[in-house]
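Student: What follows is a single structure, and I will ask about it in a moment.
The values are calculated or read from the model by the stated rules, or taken from the named source; none is laboratory data. Computed from a predicted model, the values in this text were never measured in an experiment. Glycine also receives a Cβ, built like all others from the backbone with ideal geometry; neighbour counts cover every protein chain displayed. SASA here: full protein model, heavy atoms, side chains in, ligands and nucleic acids out. Shrake-Rupley method; radii C 1.70, N 1.55, O 1.52, S 1.80 Å.
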Amino acid sequence: MLEFLSSVVDFINNTNVPAQIREVDAKGLFTNAWFLVPFIGYLCYNLYKQASNTLVMTGLGIGLWLFTGSRYMEGLIVNGEMQAGKVLPVAGVFIVALAIAIYFLFMRSD
């Protein structure tokens, strides 16, 4: 099992996936028609199917992605040291997101 995980980690590092994720241009992505048209289609399809769980999870994922790229998160580590005053709000955001995800995935039924 360890060999499999190490090969997966090596593959991810060799393809530079973490660097590509860090360098995503959100404004450019959401103004690009090649992304926006299928995304709007996906949202409309889920609205038509009344799949509120999927819509909430999609919104939660996009919201967390935007939050992790915000200026607040950039100031979390300064000169290699974590800022203690900013850890609690960040943890709170992710705990609330986790609670919402658990509620919509396991406790609420469509």
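Student: Could you tell me which trypsin sites (Lys or Arg not before Pro) in region 1-52 are loop residues by DSSP with no more than 15 other beta carbons within 10 angstrom of their beta carbon?
Tutor: Lys49
Student: Rounded to the nearest percent, how much of the accessible area of the chain (1.4 Å probe, protein heavy atoms only) is carbon and sulfur?
Tutor: Exposed carbon and sulfur together represent 68 percent of the surface.
Student: Compute and list, largest first, the equivalent-ellipsoid semi-axes of the chain from the alpha carbon gyration tensor, each √(5λ) rounded to a whole angstrom.
Tutor: Equivalent ellipsoid of the chain: 27, 21, 19 Å, largest first.
Student: ³J(HN,Hα) across region 5-17 via Karplus (A = 6.51, B = -1.76, C = 1.60, θ = phi - 60°), whole Hz, x for Gly/Pro?
Tutor: Residue by residue, region 5-17 yields 5, 5, 5, 5, 5, 4, 4, 5, 5, 5, 8, 6, 4 Hz.
Student: Then there is this: Could you compute how much accessible surface Ser52 exposes when probed at 1.4 Å, giving the result in Å² to the nearest 10?
Tutor: For Ser52, the solvent-accessible surface is approximately 40 Å².
Student: Per residue of the chain, what 222 nm ellipticity follows from adding -39500 (n - 2.57) for every DSSP H run with n ≥ 4, rounded to the nearest 500?
Tutor: -22500 deg cm²/dmol
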